[in-house]
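Structure, as structure tokens:
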Amino acid sequence: MARNGFRILDSDLHIMEPPDLWQRYTDAKFRHLAPVGLNDVVRDLRMVHPDGTPWGMPPVPVANPIGEGKTFKRDEKRYRYHHDKGWSAAVQLEAMDQEGIDVATLYPTRGLHTLAEPGMDPPLAAALARAYNDWLYDFCQRDPARLIGVGMVSPFSIGDAVAEARRCMTQLGFRGVFLRANIVNGRNWHDRYYDPLWATLVEFDVPVGFHESAGSAARQAGEQFEPDFLLRHTYSHPLEQMMALGAFCAGGVLERHPRLRAAFLEGNCSWLPWLLWRLDEHWELFADVWSPETTMKPSGYFKRQCCVSVDCEESPVKYAIDYLGQSDNIIFSTDYPHVDAQFPHSSDTFLELPISNEDKRKILWDNCAAFYAMAAVPA
């Protein structure tokens with residue numbers, strides 16, 4: 001398959017997990033504590049505790065209930081078939097065919113909220129991650145050559161995270177792990193606490209993908225705008241990704257792990273010129289005291305080891321490419337089936353962006369294949 005002559009590897013294609021996933025897949029010991037998904041409408045992503053209180057998200061404001069607005073009505077129509085077919089793997093592949101996607105790495109939807117609660121009991125958090133990964137493995141079996149899993153790991157116990165990362169690579173055949181960008185356990189991403197996980201990913205030559213969501217039960221940049229979803233959604237994704245990127249590039253993570261790869265997904269890329277410039281400036285001013293182990297400017301670590309994803313309609317990407325002097329650090333996602341996706345026209349919309357065909361080719365396939373170390377994916 002090729003879209004207008006371009007192969008497409010989606011760096012961050014989402015699935016829609018069944019509402020009862022954690023009731024079916026969680027270890028029996030923890031099942032009574034697992035989140036319960038609600039499924040009243042096509043894209044109702046809420047989950048609740050067994051007692052009915054919200055799980056992993058702020059409460060939905062009374063003034064803006066699920067189901068209001070033109071955007072919901074649009075999604076109710078365009079995703080109705082997918083919903084009625086149970087968001088199955090077969091439907092996923094149909095959607096990929098519509099968009100011209102050859103291969104996709106899969107990220108969660110409800111799963112983004114599963115570990116987004118502060119102070120979770122580590123064994124419970126680990127059990128919920130295992131349940132999601134077991135379900136995702138089964139989902140991918142419909143077409144393992146096209147559906148590539150990225151595993152959930154728990155930040156609440158680094159031993160559990162390492163063990164689950166190993167299981168994902170050795171038993172499930174996944175090509176990386178993901179984490180929410182916002183902090184849930186009181187430890188920033190440059191804390192050496194995480195070093196065993198980064199070392200494990202390097203051992204298996206797989207990356208970490210940071211992926212934010214519009215809401216969290218833990219602190220998040222967009223929370224100050226509650227209950228205004230427009231503003232919360234505007235800021236939550238890019239600001240949390242900016243802070244995670246700063247921790248990696250200026251906090252010593254990539255100095256200590258020069259073969260670790262990290263992606264910052266679904267938070268745009270057009271802010272890169274400003275952020276990298278500011279990080280470099282502050283590195284020159286303060287690194288001797290606050291980041292003495294780093295030997296390069298933060299932008300150098302970024303270019304060597306990081307990627308960010310571009311939205312299909314993100315025309316300012318041309319400025320990011322110009323500032324970086326290359327497109328090697330940019331990867332593509334349609335963001336199906338989320339609210340701001342342009343499905344079924346995401347790929348065609350991207351191909352209209354004012355960048356060169358060579359940059360489009362690299363962003364749509366080459367950069368992502370290199371990032372996930374998937375040189376053997378089918379042509």
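Bear in mind these aren't lab numbers, they're just calculated from the coordinates by the rules spelled out. These numbers were taken from a predicted model, which means no experiment stands behind them. Neighbour counts run over all protein chains shown; Cβ positions are idealised from the backbone, glycine included.
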Give the order of HIS113, HIS83, HIS345 when sorted by the count of other beta carbons within 10 angstrom, beginning with the fewest.
HIS345, HIS83, HIS113
When the Karplus curve 6.51 cos²θ - 1.76 cosθ + 1.60 is applied with θ = phi - 60°, which whole-Hz ³J(HN,Hα) does each residue of segment 299-314 get, with x for Gly and Pro?
5, x, 5, 4, 4, 6, 9, 10, 9, 10, 9, 10, 6, 5, 9, 7
At a 10 angstrom cut-off on C-beta neighbours, averaged per residue, how do the peptides 209-222, 308-321 rank from highest to lowest?
209-222, 308-321
Please state the charge dipole magnitude for the chain, taken about the Cα centre, from unit charges on C-beta atoms (+1 on K and R, -1 on D and E), reported in debye and rounded to the nearest 20.
520
In Hz, Karplus ³J(HN,Hα) per residue of segment 334-351 (6.51, -1.76, 1.60; θ = phi - 60°; x = Gly, Pro):
7, 6, 4, x, 8, 5, 9, 5, 9, 3, x, 10, 5, 5, 5, 5, 4, 5
Would you mind ranking LYS70, LYS29, LYS360 by Cβ crowding within 10 Å, fewest neighbours first?
LYS70, LYS29, LYS360
Checking the cross-link filter: which lysines have an alpha carbon closer than 16 Å to that of LYS362, excluding same-chain neighbours under 8 positions apart?
LYS303, LYS318
For P(r) over Cα pairs in 20 Å bins from 0, in percent, calculated from these coordinates, the label among (1) 29, 62, 8; (2) 22, 35, 22, 16, 5, 0; (3) 28, 55, 16, 0
(1)
List TYR81, TYR137 from most exposed to least, where exposure is judged by having the fewest other Cβ atoms within 10 Å.
TYR81, TYR137
Amide H neighbours of ILE331 under 5 Å, at least 5 residues apart or on other chains, H built in the peptide plane: list them.
VAL308, SER309, VAL310
List the residues whose amide H sits under 5 Å from the amide H of TYR107, counting only those 5 or more places along or on another chain, with H placed 1.01 Å from N in the peptide plane.
LEU13, HIS14, ILE15
Can you tell me, using C-alpha contacts under 8 Å and at least 6 residues apart, the relative contact order of the chain as a whole percent?
18
Environment charge at LEU201 (Cβ cut-off 13 Å; Lys +1, Arg +1, Asp -1, Glu -1)
+1
Quote the charge dipole size of segment 253-349 about the Cα centre in Debye, to the nearest 20; the model charges only the Cβ of Lys and Arg (+1) and of Asp and Glu (-1).
420
HN-Hα couplings for segment 256-271 via Karplus (6.51, -1.76, 1.60; θ = phi - 60°), in whole Hz with x for Gly/Pro, come out as 6, 10, x, 10, 6, 10, 9, 10, 10, 10, 6, x, 6, 10, 6, 7
